[in-house]
Amino acid sequence: MAKIIVDENVCKGCALCVNTCPKKIIALSKSKINAKGYHPAELTDENACIGCAFCATMCPDTAITVYK
Amino acid sequence: MDVVFKKPHALTDAPLHYCPGCTHGIVHRLVAEVLDELGVEGKAVGVASVGCSVMSYNYFGCDMVQAPHGRAQAVATGLRRALPDGVIFTYQGDGDLAAIGTAETVHAATRGENITVIFINNAIYGMTGGQMAPTSLPNQITQTTPYGRDVNSAGFPVRVCEMLSTLDGVALAQRVTVDSVKNVKIAKAAIKKAFQNQIEGKGYSIVEVLSTCPTNWGLSPVDALQWLRDNMIPYYPLGVYKDADKRDNMKGDKE
């Protein structure tokens, strides 16, 4: 059981995490817009997350905290 | 549930001003992680350059000095004299280190100043709006070379690591990139070695990080990383160009 928490107000929606996730379970939110006007990344399937931290490694804004 | 990845202590909570997908943020985090792991945040002094990274003094938890354009390594030289036990590093872009600051860079290297230099090479002037930099690739389209960089009039790009690797004062000259998880880990190891070299008094260490500028390249962050792989890495091969710990290191060992 692992999960990521994205700091929505820090995320700039660059999608580098979406591109690097080996499980393809991160997507840019279609419903939310943050204070900067970007669509933040969000975890789409919490059960599939393996806690590899690839997303956090590629995140330029250190918006992702990984729990495992 | 344990935290397996979080923001390093040496990175402040200030939100980065960089554009979405700019790899400056990744390199900032790597430097902060290395400061944490070596336990030197308290005695580290960074020198911010002029360029997009000018405001890096807001982001690093250690002491920072903001140097005039190109003079970061001259300022770092002074800091080294004033703080013999300090951990001194500069964080510079290509317009700062390889253009207006070339003289300071080459002479700090040849003096073997015991400092660490983090050099961000994104082949363009980012902050001023995308003009041609000395490191812009041949035929690269920029604001000032709308038909592509013409090497007949604008000359050829500067390969900084190759150039500095010929100098005896250099302890480490390595070129890395941050386009994938694997390369981020290699980049972190290089940055850590550059700081360790300084702590052990081995001399000048430079880590050149090939970076993206999605905004001025006119690409999405993901496409910019692919452009970097397709165009920059062939011209700027990754690898260790000089490592004083190893013999026979002048050939540019590839990883």
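The listed residues are B:Val151, B:Val178, and the only one of them that is among the hydrophobic types (A, V, I, L, M, F, W, C) and within 14 Å of chain A (Cβ to nearest Cβ) turns out to be B:Val178. Taken as a whole, the structure places B:Val4 among residues that are surrounded by fewer than 22 Cβ atoms within 10 Å (Cβ to Cβ) and either under 16 Å from B:Ile120 (Cα atoms) or within 14 Å of chain A (Cβ to nearest Cβ) (or both). Among the residues making up the range B:76-106, those that are free of Cβ contacts under 8 Å to residues at least 12 places away in the same chain and of a type outside the set (Gly, Ala, Ser) are B:Arg81, B:Pro84.
Quick check on the range B:31-38. Is at least one of its residues free of Cβ contacts under 8 Å to residues at least 60 places away in the same chain and within 10 Å of chain A (Cβ to nearest Cβ)? The answer is yes, given that some residue of the range B:31-38 is free of Cβ contacts under 8 Å to residues at least 60 places away in the same chain and within 10 Å of chain A (Cβ to nearest Cβ). Remark: pairs (first residue in the range B:7-18, under 15 Å from B:Asp36 (Cβ atoms) and at the interface with chain A (Cβ under 9 Å from one of its Cβ atoms); second residue aromatic (Phe, Trp, Tyr) and crowded, with 17+ Cβ neighbours inside 10 Å; Cβ separation under 8 Å; 6+ apart in sequence or on different chains) = B:Leu11/B:Tyr59; B:Leu11/B:Phe60. Hey, could you check the range A:32-68 for residues that are farther than 24 Å from B:Cys19 by Cβ and of a type in the set (Gly, Ala, Ser) and say which is surrounded by the fewest Cβ atoms within 10 Å (Cβ to Cβ)? This residue is A:Ala48. Mind checking which residues of the range B:197-224 are outside any loop (DSSP other than H, G, I, E, B), surrounded by 16 or more Cβ atoms within 10 Å (Cβ to Cβ) and touching a strand residue (DSSP E or B) at 6+ places or on another chain (Cβ under 9 Å)? B:Asn197, B:Gln198, B:Tyr204, B:Ser205, B:Ile206, B:Val207, B:Glu208, B:Val209, B:Leu210, B:Asn216 - these are the residues of the range B:197-224 that are outside any loop (DSSP other than H, G, I, E, B), surrounded by 16 or more Cβ atoms within 10 Å (Cβ to Cβ) and touching a strand residue (DSSP E or B) at 6+ places or on another chain (Cβ under 9 Å). On inspection, B:Glu113 passes the criterion of being farther than 25 Å from B:Arg29 by Cβ and either among the aromatic types (Phe, Trp, Tyr) or touching a Phe, Trp or Tyr at 6+ places or on another chain (Cβ under 6 Å) (or both). Count of the range A:14-68 residues, restricted to those that are within 23 Å of B:Pro8 (Cβ to Cβ), assigned to a strand (DSSP E or B) and more than 9 Å from every other protein chain (Cβ to nearest Cβ), is 3.
Computed from the coordinates by the stated procedures, all read-outs in this text should not be read as laboratory data. Treat the numbers as computed from the prediction; the structure is a model and nothing was measured. Positions of Cβ are backbone-derived with ideal geometry, glycine not excepted, and every protein chain shown enters the neighbour counts.
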